[in-house]
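Contents: one structure, followed by commentary.
Here, each number is a calculation from the coordinates, and none is a lab measurement. Note that the coordinates shown come from a computational prediction; the quantities given were computed from them, not determined experimentally. No Cβ is skipped: glycine too gets one built from the backbone with ideal geometry, and neighbour counts run over all protein chains shown.
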Amino acid sequence: MKKVIVIPAAILILILVAFATMGAYRVPTLVVEFVEKRPAVVESVEYTVDGLTCRGKSRGFAGMISGVEGVVSLTTYVRSNTAIVEYDPTLTDPVEIETAFEGPIVHEDEEYFLFKAKK
């Protein structure tokens with residue numbers, strides 16, 4: 001009879017602990033390296049991005065900044081809607097990266113804006 005009560009109680013406690021501590025750990029949604037060899041000097045910028053809501057949108061975000069020369073890596077966290085971009089400061093800057101991901105996506109002659117940096 002005690003097992004009938006103890007096991008569900010233990011499961012409930014574990015679930016409550018998981019919910020209580022889920023904000024304590026920052027688990028990335030997507031990590032992408034765009035270059036094979038890292039430059040000697042790398043800087044990073046963190047954006048809070050409206051529209052960064054899932055792994056698929058993280059991949060779309062990666063696709064939008066992948067064409068920017070000098071972007072080294074990307075790490076996204078959809079739980080906090082943040083993206084950390086590492087870049088070579090001799091080739092690009094945060095404004096150019098932001099312009100790339102805030103630009104429109106054209107599909108069937110219509111423009112869609114998926115991402116917007118929060119200021």
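Rounded to the nearest 0.05, what FRET efficiency do residue 46 and residue 109 give with R0 = 30 Å and r taken as the Cβ-Cβ distance? Could you check? List each step's numbers first, then the result.
Details: r = 35 Å, r/R0 = 1.16.
Efficiency at R0 = 30 Å is approximately 0.30.
How long is the gain from residue 66 to residue 96 if the chain were fully straight, where each residue apart is worth 0.36 nm and the alpha carbon distance is subtracted?
Gain on extension, residue 66 to residue 96, equals 9.6 nm.
Are there GluC sites (Glu not before Pro) in the range 1-93 that DSSP marks as loop and that have at most 15 other Cβ atoms within 10 Å, and which are they?
Qualifying residues, ordered by number: 36, 69.
FRET efficiency for residue 18 and residue 80, Cβ-Cβ distance as r, R0 = 25 Å, nearest 0.05?
Rounded to the nearest 0.05, the efficiency is 0.90.
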